[in-house]
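K.L.:
Before I ask anything, here is the structure I am working with.
Each reported figure results from applying straightforward, stated rules to the coordinates on display, with no laboratory input. Keep in mind it's a predicted model, so treat the numbers as computed, not measured. With ideal geometry, Cβ positions are generated from the backbone for all residues, glycine too; neighbour counts draw on all protein chains shown.
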Amino acid sequence: MDFALDDTTTTLLAKLDRFMLEKVYPAEPVLAAQLAEYPGVWSPPLIVTELQADARARGLWNLFLTGELGAGLTNLQYAPVCEMLGRSPRLGPIATNSAAPDTGNAELLAVYGTEEQRSRWLEPLLDARIRSSFCMSEPDVASSDATNIETRIRRDGNDFVIDGRKWWSTGAMNPGAELLIVMGKTDPSADRHRQQSMILVPRGTAGVTIVRPLTFLGFDDRDHGGHAEVLFENVRVPATNLLGGEGEGFAMAQARLGPGRIHHCMRAIGMAERALDLGRERANTRVAFGRPLAEQGVVREWFARARIEIEANRLLVLKTAWLMDNVGNRAAHAEIQAIKIAVPAMLERIVDHMVQLFGAAGMSQDLPLAELFAGARALRIADGPDEVHLNSLGKAELHRPAHAS
């Protein structure tokens, strides 16, 4: 395995680094001011639109998508790029049109969509003319087991009719999220992994109600459309809106979540580096009990352990990306689970120490640390909670032959 940066990645990273330094980091306080100026408004702040225009002009666009539709990067090439975007999680990904849930939804449409579906939805998504939402989790069942979902998608002539309640539908509060990709059961009597299907629902369809926004640890994520509870009551769409085939929804969800999980982990490495940068400046300039914090033994231990953990987790992410490129997502399943467990926990520990280093300031809106911590904690649940991945990975490890390497 060779993780050395190739010429394409090196050139792209240099361009992205300039963009981050010149535009993205300076825009963070602008974003905060614009969000404060228009409370309750879920449309993208003006600064996001301005950054997107600049990123597009620099050739920093749709970086996440492989092939001719996107930047054409492999997972291994995208890893350091995505890490750099994660250093400004509220602006880096969205500025380059590489933010969830549009990334996963675009990948679904690119792989499973018909020519008509790609023309209607994928093209405007990749052009940032619309946003989208992914509606899978439900409030009344344990959605960590996706076979539990109860939303019904039943055939009625040339249509499908959808009834159910979803929540944590990322981006759905944004009025520009014109497409909702909904997972539900088309055949409850089939094998438990063949009961589910996915269907494309235009936002304005009769019977679709955006019930309320949801916050996590007090943050509403208005900058990228928030998270919503969504009600589907007798929602009728043409049968041609089915994404893929009937009964393929569970497999498609797993295919979507694999790249989504590694993208989260790539960004989380960047988030950890950003937290460490903030803490490093604080430790070297703040004096307590007659000497800089950087001279305190416990602080030095925090930074030493942080560096070890970041480097170890980065290597595991790079190995996973290499495997996904060379042997496929299915063969990389154990590594995808491993990084999904390890990286958010690493980020949470590092940010927690940096909050402690800043004291009360670390918990305030004056620094991004509180939001970084909330994001890290959310990642330990999003795309499957730690316990599900630990159980599955542990089961596989216990059945590994003794001679396996």
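K.L.:
Give a residue-ordered list of calculated ³J(HN,Hα) values for region 182-192 (Karplus: 6.51 cos²θ - 1.76 cosθ + 1.60, θ = phi - 60°; whole Hz; x for Gly, Pro).
P.N.:
10, 9, x, 9, 9, 8, x, 8, 6, 3, 4
K.L.:
Could you please rank Tyr25, Tyr112, Tyr78, placing first whichever residue has the fewest other Cβ atoms within 10 Å of its Cβ?
P.N.:
Listing Tyr25, Tyr112, Tyr78 from fewest to most nearby Cβ atoms yields Tyr25, Tyr112, Tyr78.
K.L.:
Measure nothing fancy, just the Cα-based angle from helix 102-112's long axis to the longest principal axis of the chain, in degrees from 0 to 90, nearest 10.
P.N.:
Once rounded, one gets 40 degrees.
K.L.:
Moving to a separate point now. For region 130-246, report the % of Cα-Cα distances exceeding 22 Å.
P.N.:
Every Cα pair in region 130-246 considered, those over 22 Å come to 30 percent.
K.L.:
Among Ala268, Ala146, Ala294, determine the one that fluctuates most according to a GNM of the chain built with springs between C-alpha atoms less than 10 Å apart.
P.N.:
Ala294
K.L.:
Another question, if that's okay. What value, in deg cm²/dmol to 500, does the helix sum -39500 (n - 2.57) over DSSP H runs of n ≥ 4 give at 222 nm once divided by the residues of the chain?
P.N.:
Calculated at 222 nm, the ellipticity per residue is -15000 deg cm²/dmol.
K.L.:
Sticking with this one: Using all alpha carbons of region 204-360, what is the percent of pairwise distances in each 5 Å bin, ordered from the shortest bin to the longest?
P.N.:
Reading upward from the zero bin: 2, 7, 12, 12, 13, 13, 12, 10, 7, 5, 3, 2, 1, 0, 0.
K.L.:
Sticking with this structure for a sec: Mind checking which aspartates and glutamates have their C-alpha under 12 Å from Lys185, skipping anything on the same chain fewer than 8 residues away?
P.N.:
Glu150, Asp163, Glu246, Glu248
K.L.:
For the Cα atoms of the chain, what angle does the longest principal axis make with the long axis of helix 46-57, in degrees from 0 to 90, nearest 10?
P.N.:
So the inclination is approximately 90 degrees.
K.L.:
Let me ask something else about it. Over the residues of region 203-268, compute the C-alpha Rg and express it relative to 2.2 N^0.38 Å.
P.N.:
Region 203-268 yields a ratio of 1.45.
K.L.:
Anyone know which of Ser364, Ser189, Ser98 comes out most mobile in the 10 Å Cα GNM of the chain?
P.N.:
Maximum among the listed residues: Ser189.
K.L.:
What residue among Val230, Val327, Val211 shows peak mean-square fluctuation when the chain is described by a Gaussian network model with Cα springs under 10 Å?
P.N.:
Of Val230, Val327, Val211, the Gaussian network model singles out Val327 as fluctuating most.
K.L.:
log10 I(q)/I(0), Debye, Cα-only the chain, no solvent, q = 0.10 Å⁻¹?
P.N.:
-0.68
K.L.:
Of the trypsin sites (Lys or Arg not before Pro) in region 225-309, which ones lie in a loop per DSSP and count no more than 16 other C-beta atoms within 10 Å?
P.N.:
Arg286
K.L.:
Which number do you get for Rg(Cα) / (2.2 N^0.38 Å) in region 1-78?
P.N.:
This ratio for region 1-78 stands at 1.35.
K.L.:
Over what distance in Å are the Cα centres of region 383-405 and region 59-127 separated?
P.N.:
Here the answer is 30 Å between Cα centres.
K.L.:
Using only the Cα atoms of region 88-161, each taken as one equal point scatterer with no solvent, compute I(q) by the Debye sum, divide by I(0), and report log10 of the ratio at q = 0.15, 0.16, 0.24, 0.26 Å⁻¹.
P.N.:
Log-scaled intensity ratios, in q order: -0.71, -0.79, -1.08, -1.10.
K.L.:
Just to confirm the filter: which GluC sites (Glu not before Pro) across region 17-95 are DSSP coil and have at most 15 other Cβ within 10 angstrom of their Cβ?
P.N.:
Glu68
K.L.:
Something else about it: Which angle between 0 and 90 degrees, to the nearest 10, do you get for helix 75-86 versus the longest principal axis of the chain when only C-alpha atoms count?
P.N.:
70 degrees
K.L.:
Okay, moving on. Jot down the radius of gyration and Dmax of region 312-405, Cα atoms only, both in angstrom.
P.N.:
16.4, 53
K.L.:
Please report the Cα spread of region 359-405 along all three principal axes, rounded to whole Å, starting with the longest.
P.N.:
Projected onto the principal axes, the Cα atoms of region 359-405 cover 53, 19, 12 Å.
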